[in-house]
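The values are calculated or read from the model by the stated rules, or taken from the named source; none is laboratory data. Just so you know, these numbers come straight off a predicted model, no measurement behind them. Cβ placement follows ideal geometry from the backbone for every residue including glycine, while neighbour counts extend to all protein chains displayed. Surface accessibility is based on the protein's heavy atoms, side chains included, excluding ligands, DNA and RNA. Shrake-Rupley method; radii C 1.70, N 1.55, O 1.52, S 1.80 Å.
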Amino acid sequence: MATMKIGLALGGGDGATIEEAVDRIVRAEQDGFATAWLAHIFSLDALTVLALAGQKTSRIELGTA
């Protein structure tokens, strides 16, 4: 039987601080999401946020969109 994975797309340009963006990803992992995607447009550097989030998470897959 196949397992469905559900991901979360986090906004770019919504005014979040780096800390808030990292916290959203940590919370997404705690809530059971399989992936978290962060746009790299009009806002924070996505790779920086994902690198910082990777230090605080262990299971969630991270990507840029």
Q) What does the charge add up to near I25, with Lys and Arg as +1, Asp and Glu as -1, over the other residues with Cβ less than 13 Å from its Cβ? A) -2
Q. So how strong a dipole does the chain carry about its Cα centre when Lys and Arg Cβ are +1 and Asp and Glu Cβ are -1, to the nearest 20 debye?
A. 220
Q. Under a 5 Å amide H to amide H cut-off, with H placed in plane at 1.01 Å, what residues pair with A39 once short-range neighbours are removed?
A. L10, G12, A65
Q) Hey, of [x] 4, 17, 32, 25, 17, 4, 0; [y] 4, 20, 33, 24, 12, 5, 2, 1, 0; [z] 3, 14, 10, 10, 9, 7, 8, 6, 6, 6, 5, 5, 4, 3, 3, 2, 0, which did the structure itself give for P(r) over Cα pairs in 5 Å bins from 0, in percent when calculated? A) [y]
Q: Give the angle, between 0 and 90 degrees and rounded to the nearest 10, that separates the Cα long axis of helix 18-30 from the longest principal axis of the Cα atoms of the chain.
A: 10
Q. Which whole-number value in Å² is the accessible area per residue of the chain, probe 1.4 Å?
A. 67
